[in-house]
Amino acid sequence: MIEVQNISKSFADKKVLQNISVTFETGKTNLIIGQSGSGKTVLMKLLVGLIEVDEGNIFFDGRNFTVMDFKERKNVRKEFGMVFQGGALFDSLTVLENVVFPLNVFSNMSKSEKIDRAQFCLKRVNLENAGHLYPSEISGGMKKRVAIARAIALNPKYLFCDEPNSGLDPQTSIVIDNLIKEITDEYQMTTIINTHDMNSVMEIGDKIVFIYKGSKLWEGSKHDIMQSECDELNDFIFASEFTRLIKKHF
Amino acid sequence: MHLLLYHIGRYVLLLKKVFSRPEKGRVYLNQTLDELVTIGFNSVGIVVIISIFMGAVITLQTAYNIENPLIPIYLIGLGTRDSMILEFSSTVVGLVLAGKVGSNIASEIGTMRVTEQIDALEIMGINSASFLILPKILAAVIFFPFLTVISMFVGIFGGWAAGVLTGAVSSTAFIYGLQYAFVPFYVVYALIKTIVFAFIIVSVSAYEGYYCQGGALEVGRASTRAVVYSSLVILLFNVIITQLLLAK
Ligand SMILES: Nc1ncnc2c1ncn2[C@@H]1O[C@H](COP(=O)(O)OP(=O)(O)OP(=O)(O)O)[C@@H](O)[C@H]1O
Ligand SMILES: [Mg+2]
């Protein structure tokens, strides 16, 4: 469980996030949605400590991450897995080496154990035959899946995914969404996903948090979202003709 | 001025990060060995080629400038030797390496920055600055002196070959000049310069890459800046070191 208490962040004079409080529960897929530029990536980077908060606290199962030093954070970070917006695979390493990398850093496994574990994770994302390829040799969807395999290599307790299916076709997106959902259930992780894809919202949104211009305006589950009374949220969800049509027949 | 101070401050902070909290030692060893190949070994070719031609040109120019029959012809060998050792094999080679290695480092690290690979390292609790930059600094500082020595030998050979082939100087006179009034400290001076230049090239280029923001265009700009600034800093330190070491 991750508890976020009253966090705010500004860059120079620009307020990017204001006073956000929210709880992300264990074993659930928590979605952060909002327009481009609303602050989703910044929020996620605050959670993992890539950017420091100006105010507020973040607790990982009761541990206050905000006040920790580098070493203490490293202990918590062992339990993190993160899928970046662009995949962020290491170009100079093969797919298999990418997945082995976090194991090299954190685990005391033998070389063959690490490779077995990496192969297992690649199999989990249906890429068991791509281990020898370099990131430049695989498709965007495959990169995302490798990034997921790398993120789950250490059996994380907390999984962060920044737009895991942006730039992918709807079918591949759903495959990736469901993969994340399955893994979350299977290992009882606390999963947080940034997205602006309504398909994802309706497919795997156990909990949905709507960020609008840096503030949290709404939260609920995929079952509540169709009836929400929040105007900004409705403008966001029902932005296209297609979604308005769905709402009419709902 | 404000901006210059800002960059110098941030550069110093980055270096502090590079030299603190090393990760597992073995990882560094492997990385450094890899970098020795990419940064050092892969530069041998270009250093050999430019050195041969530079040595040849120095010899020919010296030969054509000696018109006074009172000036002994062996001075051509001496001139080639001292020009190569004092300036070309360290400074000019340094500038060429700034172009080759510097742009390479800035674009590599810059790409890692804009594609969030550096964030991915940080999230694993890795000191990304140290992990990425320290092996490159070590590799350059270890290998560049060899490049300088190679450049000295090859350059002098190029001078000898050009002099003898064009008939500007006889082989015996050239070789006599090479041995005449040799100051071993000049070699030490050149090697000290090389080590300083190696550090400058890698750290300045890495700085440009590490703080790159934006996309592919920005990476390109960072790599251009890396070459320009590391060259400027090299020229500046060339003057400083020369004043410190050679001034009587
Ligand atoms: N390092 C930074 N310095 C200054 N401003 C920043 C920085 N990072 C983000 N911002 C600003 O914060 C705002 C929110 O950016 P963020 O990347 O979180 O948006 P996002 O919701 O993830 O958008 P997208 O869906 O396009 O990824 C933007 O206006 C951006 O310009
Ligand atoms: Mg984003």
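Among the residues of region A:2-22, those that are more than 13 Å from ligand 1 (Cβ to nearest atom) and within 26 Å of A:PHE238 (Cα to Cα) comprise A:SER21, A:VAL22.
Restricting attention to region A:42-79 and to residues that are assigned to a helix (DSSP H, G or I) and open to solvent by 40 Å² or more (accessible area, probe 1.4 Å), the residue that is nearest to the other protein chains (Cβ to nearest Cβ) turns out to be A:LYS74. Within region A:11-33, take every residue that is under 21 Å from A:MET202 (Cα atoms) and hydrophobic (A, V, I, L, M, F, W, C) and give me the one that is farthest from the chain's Cα centre (by Cα). Looking at the filtered set, the residue picked out is A:VAL22. Scanning region B:39-71 for residues that are free of Cβ contacts under 8 Å to residues at least 12 places away in the same chain and of a type outside the set (Asp, Glu) gives B:ASN42, B:GLY45, B:ILE49, B:GLN61, B:ASN65, B:ILE66, B:ASN68, B:PRO69, B:LEU70, B:ILE71.
Out of (1) under 19 Å from A:MET1 (Cα atoms); (2) away from ligand 2 (no atom under 16 Å from the Cβ); (3) open to solvent by less than 20 Å² (accessible area, probe 1.4 Å), the odd one out for A:GLU219 is which? Looking at each condition in turn, A:GLU219 falls short on (3). Among the candidates A:SER112, A:SER36, the residue that is within 16 Å of ligand 2 (Cβ to nearest atom), over 22 Å from B:ILE126 (Cα atoms) and open to solvent by 40 Å² or more (accessible area, probe 1.4 Å) is uniquely A:SER36.
Residue check: B:THR115 meets all listed conditions (1) within 14 Å of chain A (Cβ to nearest Cβ); (2) farther than 21 Å from B:ILE200 by Cα; (3) under 23 Å from the mean Cα position of the chain (by Cα) but one, namely (3).
Evaluate region A:196-214: report whether one residue or more is more than 16 Å from ligand 1 (Cβ to nearest atom), touching an Asp or Glu at 6+ places or on another chain (Cβ under 9 Å) and open to solvent by less than 20 Å² (accessible area, probe 1.4 Å). Yes: region A:196-214 contains one or more residues that are more than 16 Å from ligand 1 (Cβ to nearest atom), touching an Asp or Glu at 6+ places or on another chain (Cβ under 9 Å) and open to solvent by less than 20 Å² (accessible area, probe 1.4 Å).
Residue-wise test of (1) within 14 Å of chain A (Cβ to nearest Cβ); (2) surrounded by fewer than 24 Cβ atoms within 10 Å (Cβ to Cβ); (3) part of a helix (DSSP H, G or I).
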residue: B:LEU78; (1), (2), (3): no, yes, yes
residue: B:ASP82; (1), (2), (3): no, yes, yes
residue: B:SER89; (1), (2), (3): no, no, yes
residue: B:VAL92; (1), (2), (3): no, yes, yes
residue: B:LYS100; (1), (2), (3): no, yes, yes
residue: B:LEU121; (1), (2), (3): yes, yes, yes
residue: B:ALA139; (1), (2), (3): no, no, yes
residue: B:VAL149; (1), (2), (3): no, yes, yes
residue: B:PHE157; (1), (2), (3): no, yes, yes
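Considering region A:13-26, and only residues there that are touching a strand residue (DSSP E or B) at 6+ places or on another chain (Cβ under 6 Å) and within 23 Å of A:ASN178 (Cα to Cα), the residue that is surrounded by the most Cβ atoms within 10 Å (Cβ to Cβ) turns out to be A:PHE24. Among the criteria (1) within 14 Å of chain B (Cβ to nearest Cβ); (2) under 19 Å from the mean Cα position of the chain (by Cα), the one A:SER36 does not fulfil is (1). Restricting B:TYR211, B:TYR207, B:TYR180 to those that are of a type in the set (Phe, Trp, Tyr), modelled with pLDDT of 95 or more and surrounded by fewer than 17 Cβ atoms within 10 Å (Cβ to Cβ) reduces the list to B:TYR211.
Screening A:THR29 on (1) closer than 13 Å to A:GLY56 by Cβ; (2) open to solvent by less than 10 Å² (accessible area, probe 1.4 Å); (3) away from ligand 1 (no atom under 16 Å from the Cβ) shows it passes everything except condition (1).
The values are calculated or read from the model by the stated rules, or taken from the named source; none is laboratory data. Note that the structure is predicted; figures quoted are calculated from it, not measured. When we count neighbours, we look across all protein chains shown, and the Cβ atoms used for this are built from the backbone with ideal geometry, even at glycine. Surface areas here come from the heavy atoms of the whole protein model, side chains and all, with no ligands, DNA or RNA. Shrake-Rupley method; radii C 1.70, N 1.55, O 1.52, S 1.80 Å.
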